[in-house]
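Asker: What follows is a structure written as structure tokens; I'll ask about it next.
Here, each number is a calculation from the coordinates, and none is a lab measurement. Please read these numbers as outputs of a predicted model, since none were measured by experiment. Virtual Cβ from ideal backbone geometry, glycine too; neighbours counted across all protein chains shown.
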Amino acid sequence: MTGAFPVVAALVLAAAGCSSAGPAPEDAGHPAGTVVRVPEDFATVQKAVDVAREGDTVLVGPGTYRESVRVARRDVVLRGTDRSAVVFDGGLKLANGITVTGPGSVVENLTVHGYLANGVLFTGVTDEKLQQRGAGGSAYDPLDTARFPPVEGFRATRVTSYNNGLYGIYAFDARGGVIEDSYASGHADSGIYVGQCKPCDTLVRGNTVERNAVGIELTNASDNLSILGNRAAGNRVGVTVNSNDLEALAPQRGAVIAGNVVVDNNAADSPQQADGGFGIGIGIGGGTANRVERNLVRGNRAAGVIVTDPSGHPASGNRVEGNQVDGNGTDLVLASADPGNCFGGNRPGTQSPDGLEAAAACGGPARGPLAAGRASAVQAPPGVPFSQVPAPPAQPSLADPAAPARAATGLPGAVDPAAYPLPADAGALPPRPAG
């Protein structure tokens, strides 16, 4: 969590939403076949979702849907027929756009905006009051993982999420998932968030995050977690990896961040980052055993890649290798006293402390603590309200929305970070590797 929760908590607590009390009887008005259509079969998305059976697709036609939807049944695919024309609009009154607690369920090819908490939430937290308060952080008992085991299996594909009060696409207490080919902007906390999972077994690939307080955030998210081929540009902070005692399962460990474009994260026309971060490309705060490799990190005014020790959680065993890190305020910064972090082959211009790559070389001899490095001093400008960030342009839709859908089972499948090379173009989303 970056701390934005208290800003909207009071408003969210007053927003009960429009979701139903629970799924309707399974056969109540179910149409023939495995596709339930909105508005042809049901006027609201929630009614269609309540009737849907395990393995069904709820196919939503063009329109603006002013409702909060809860997907509680397993293996349901909620799909729009047109990504830009199927719009869930919270009107700055409702808490969450789409909340998924059903294992193996999917949200794809639609837009969600104007909610006080989250655009799309995948979570094992089934208490609706906690969901409305953001699901994580100070609204959730960080020790009570037995009460809310993680939801197993989730997928968000070609989702546009913008101008929501906390997170755009939020996987909390969820594992076995994929967030892909989506777009998130204008969020007061982060565009894409993966938190409180161990093992996460999650892949975040091919997404674009812009004009958020934080582009992509990982908090207490550990093991088999891959952040590959994304573009984080024009946020206040591009990518963060954190350990935080407001959630369970600290410390964080074992993420791979590779093949991403992380550039120009100095946007004044973005919500203010609650901890004051600004001008940072990739930041590791108390994370352990992470790999940051083959990323293009450029134009971030404070720091390109920075490793720090928050209170109670020293960063340890992180490897920062083979990145193109240039044109930042300070390209590489090690502000952790732990001698287990290493840097190598990053092509930086500036390093803090001086000679960092030589002193903390990966595969080098054992060493003691180094003098703490520092990022370049940058004053964060005032932020703008999340609701006032400009709406994004239309994003690519599914080629064939009528094609058979697939539930989120067996994810993320085989993941090969080595297939994601160092990006060559700072102005574009990295291409998806073949296969």
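Asker: Which far-off residues, 5 or more places away or on another chain, put their amide H under 5 Å from the one on residue 336, with H placed in the peptide plane?
Answerer: Under 5 Å from the amide H of residue 336 lie the amide H atoms of 373, each far enough along the sequence or on another chain.
Asker: Right, something else. Along segment 327-340, what does the Karplus equation 6.51 cos²θ - 1.76 cosθ + 1.60 (θ = phi - 60°) give for ³J(HN,Hα), rounded to whole Hz, x for Gly and Pro?
Answerer: x, 8, x, 10, 5, 10, 9, 10, 10, 9, 7, 5, x, x
Asker: With springs only between Cα atoms under 10 Å apart, run a GNM on the chain and tell me which of 88, 42, 343 wobbles the most.
Answerer: Fluctuation is largest for 42.
Asker: Continuing with the same structure: Report the label-to-label distance for residue 53 and residue 146 in nanometres (one decimal), using points 7 Å from each Cα along the Cα→Cβ vector.
Answerer: 3.7
Asker: A further question follows. Let me have the relative contact order for segment 193-352, percent, based on Cα pairs under 8 Å that are six or more residues apart.
Answerer: So the answer I get is 17 percent.
Asker: Could you order the peptides 68-77, 163-172, 295-304 from most to least packed, using the average number of other C-beta atoms within 10 Å per residue?
Answerer: Highest to lowest by the protection proxy: 163-172, 295-304, 68-77.
Asker: Any idea what diffusion coefficient segment 151-275 gets from Stokes-Einstein, in µm²/s, Kirkwood Rh on alpha carbon pairs, 20 °C, 1.002 mPa s?
Answerer: So the translational diffusion coefficient is about 155 µm²/s.
Asker: I would also like to ask the following. When only Cα pairs under 8 Å and 6 or more residues apart are kept, what is the percent relative contact order across the chain?
Answerer: This gives 12 percent for the chain.
Asker: Also, quick follow-up: Place +1 on the Cβ of every Lys and Arg and -1 on the Cβ of every Asp and Glu in the chain, take the dipole about the Cα centre, and give the residue among 300, 433, 243 whose Cα lies farthest towards its positive end.
Answerer: 300
Asker: What residue among 84, 185, 105 has the largest mean-square fluctuation in a Gaussian network model of the chain, using Cα springs under 10 Å?
Answerer: Fluctuation is largest for 84.
Asker: Please work out whether segment 324-417 counts as rounded, prolate or oblate from its C-alpha gyration tensor, where a ≥ b ≥ c are the square roots of the eigenvalues and a/c under 1.5 means rounded, while otherwise a/b larger than b/c means prolate and anything else oblate?
Answerer: Oblate shape, in that a/c is at least 1.5 and b/c is the bigger or equal ratio.
Asker: Let me ask something additional. Relative to the Cα centre, what is the charge dipole magnitude of segment 285-418, using +1 at the beta carbon of each Lys and Arg, -1 at the beta carbon of each Asp and Glu, and rounding to the nearest 20 debye?
Answerer: 100
Asker: Out of 196, 55, 266, whose Cα points farthest toward the positive end of the dipole of the chain (charges: +1 Lys, Arg; -1 Asp, Glu; placed on Cβ)?
Answerer: Highest projection toward the positive end goes to 266.
Asker: Let me ask something else. Near the amide H of residue 284, under 5 Å away, which other amide H atoms are found, from residues 5 or more places off or on another chain, if H is placed in the peptide plane?
Answerer: Counting only residues 5 or more places away or on other chains, the set is 241, 306, 307, 308.
Asker: Provide the per-residue ³J(HN,Hα) series for segment 180-197, in order, calculated from phi with Karplus coefficients 6.51, -1.76, 1.60 and θ = phi - 60°, each as a whole number of Hz, with x at glycine and proline positions.
Answerer: 9, 6, 10, 9, 9, 8, x, 10, 6, 10, 9, x, 10, 9, 10, x, 6, 8
Asker: With only Lys, Arg, Asp and Glu charged, each at its Cβ (+1 for the first two, -1 for the last two), find how big the charge dipole of the chain is about the Cα centre; round to the nearest 20 debye.
Answerer: Dipole about the Cα centre, nearest 20: 300 debye.
Asker: Which whole-number percentage describes the relative contact order of segment 206-298, with Cα contacts under 8 Å and a sequence gap of 6 or more?
Answerer: The value is 33 percent.
Asker: Give, in nm to one decimal, the length gained when the segment between residue 37 and residue 64 is fully stretched (0.36 nm per residue of separation minus the Cα-Cα distance).
Answerer: Residue separation times 0.36 nm, minus the Cα-Cα distance, leaves 8.2 nm.
Asker: Go ahead and estimate [θ] at 222 nm for the chain from helices alone: -39,500 (n - 2.57) per DSSP H run with n ≥ 4, summed, over the residue count, rounded to 500.
Answerer: -1500 deg cm²/dmol
Asker: Sticking with this one: Starting from the Cα of residue 126, step 7 Å along the direction of its Cβ; do the same at residue 269; then give the gap between the two resulting points in nm.
Answerer: For residue 126 paired with residue 269, the spin-label model returns 4.4 nm.
Asker: Please list, in order along segment 293-308, the HN-Hα scalar couplings obtained from phi with the Karplus expression 6.51 cos²θ - 1.76 cosθ + 1.60 (θ = phi - 60°), rounded to whole Hz, x for Gly and Pro.
Answerer: Whole-Hz 3J(HN,Hα) from phi for segment 293-308: 8, 6, 9, 9, 10, 8, x, 9, 5, 8, 7, x, 10, 9, 10, 10.
Asker: May I ask you to sort 122, 386 by Cβ crowding, counting other Cβ atoms within 10 Å and putting the fewest first?
Answerer: 386, 122
Asker: Something else now. How long are the semi-axes of the equivalent ellipsoid of the chain, taking √(5λ) for every eigenvalue λ of the Cα gyration tensor, in whole Å from largest down?
Answerer: 37, 20, 20
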